[in-house]
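Structure below; questions to follow.
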Amino acid sequence: MLVKNITTMSGFLLMGFSDNHELQILQALLFLVTYLLGSAGNFIIITITTLDPQLQSPMYYFLKHLSILDFSSLSVTVPQYTESSLAESGYISYGQCMLQIFFFTGFAWGELAILTVMSYDRYVAVCLPLHYEVIMSPRKCTWAMAVVWLCGSISGTLYTTSILSIRFCGDKIIHQFFCDVPQLLNLSCSNDYLVTMGVTDFLAAMGFVCFIGIVISYVHIFSTVLRMPSAESRSKVFSTCLPHLFVVSLFLSTGIFAYLNPTSDSPTALGFLFSIFYTVLPPTLNPIIYSLRNETIKSVVRKLLFSTKFTG
């Protein structure tokens, strides 16, 4: 009944991965477990980088804000889809959809910005260690984070404003588990979507600048590491740089594929898989990735889990 009436409603119908109720419940439970795991991991990172004296360097300051962005990004999409799946609805109002677009795109572009800042932080730490405390001073780190959050806010505002100018017609069915911008453009019944395409092209250019900045940073990092005589020094650098590089690669590759891949009226399993890869997987895996090769984080996590309080 909801599918039949969706054309007369102001909102949209999120079809998700299947219209089979049993599969929807299974998907909702899997999403719920993923959300809880991702939230717990990011909450632990936020807690230890806030409270533990060992984790007060710029690298962990940026990692804390990355975890805040990851937790926020997960909270924008997953709980709403889980609730609607369990309720056998899938309906999302127009206002909820616009808010989801604003926050999701804002957090996504904020994450790209902070990953760029983190790569520069690693570049300074490895290539300019004697100037690190001056270049990455607390005041400059605070300003860097202010710019990151401002970039996210501007991106979210641009996307949402452009989407608000689009007129939607026909069956307002989104073959996705959240209000995805490419899917919404597919529902436009006029050339109004060209404004959003212009915003996308502009932000893609800015994203390319961030990508080039990350590449340049790591070219300098690896050229410096290869000249290090000590294997222990090289291992220490790799333990902090490789997790960040993996996170960047996962985030950019899946995001680029999702936004360059043309949308269609018939959903594909590959399209859904990649939507999970760039919306759910990175924020869930980031705490694990950053903890695996970082002995400091692992020791502090063990202290958090097996001790009642932090000690200096």
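Please return the ranges of helices (runs of 4 or more DSSP H) entirely within segment 130-206 where 1 or more residues are hydrophobic (A, V, I, L, M, F, W, C), touching a Leu at 6+ places or on another chain (Cβ under 7 Å) and modelled with pLDDT of 80 or more.
Answer list for segment 130-206: 132-135, 138-164.
Return the residues of segment 107-151 that are in contact with a Gly (Cβ under 8 Å, 6 or more places away or on another chain), of a type in the set (A, V, I, L, M, F, W, C) and open to solvent by less than 20 Å² (accessible area, probe 1.4 Å); say none if nothing qualifies.
Listed by number, the residues that qualify are L112, A113, V148.
Collect the residues in segment 40-58 that are surrounded by 19 or more Cβ atoms within 10 Å (Cβ to Cβ) and either under 17 Å from I288 (Cα atoms) or acidic (D, E) (or both), keeping them in residue-number order. First the steps, then the outcome.
So the first thing to find is which residues in segment 40-58 are surrounded by 19 or more Cβ atoms within 10 Å (Cβ to Cβ), and the list is 41-42, 45-46, 48-49, 52, 55, 58.
If the condition is that a residue be surrounded by 19 or more Cβ atoms within 10 Å (Cβ to Cβ) and either under 17 Å from I288 (Cα atoms) or acidic (D, E) (or both), then G41, N42, I45, I46, I48, T49, D52, L55 are the ones that fit.
What are the pairs, 6+ residues apart or on separate chains, where a residue within segment 32-49 that is polar (S, T, N, Q) has its Cβ under 9 Å from a residue that is outside any helix (DSSP H, G or I)?
So the pair list comes out as T34/V280; T49/Q56.
Pull up segment 168-221, narrow it to residues that are among the polar types (S, T, N, Q) and farther than 24 Å from S73 by Cβ, then point me to the one that is surrounded by the most Cβ atoms within 10 Å (Cβ to Cβ).
Once the filter is applied, the top-ranked residue is S188.
Continuing with the same structure: Suppose we filter segment 82-92 for residues that are in contact with a Phe, Trp or Tyr (Cβ under 8 Å, 6 or more places away or on another chain) and open to solvent by 30 Å² or more (accessible area, probe 1.4 Å); how many remain?
1
The values are calculated or read from the model by the stated rules, or taken from the named source; none is laboratory data. Predicted model, so just to flag it, every value in this text is computed and none were measured. Using ideal geometry, Cβ is built from the backbone for each residue, glycine included, and neighbour counts are taken over all protein chains shown. These accessible areas exclude ligands, DNA and RNA; they are computed on the full protein's heavy atoms, side chains included. Shrake-Rupley method; radii C 1.70, N 1.55, O 1.52, S 1.80 Å.
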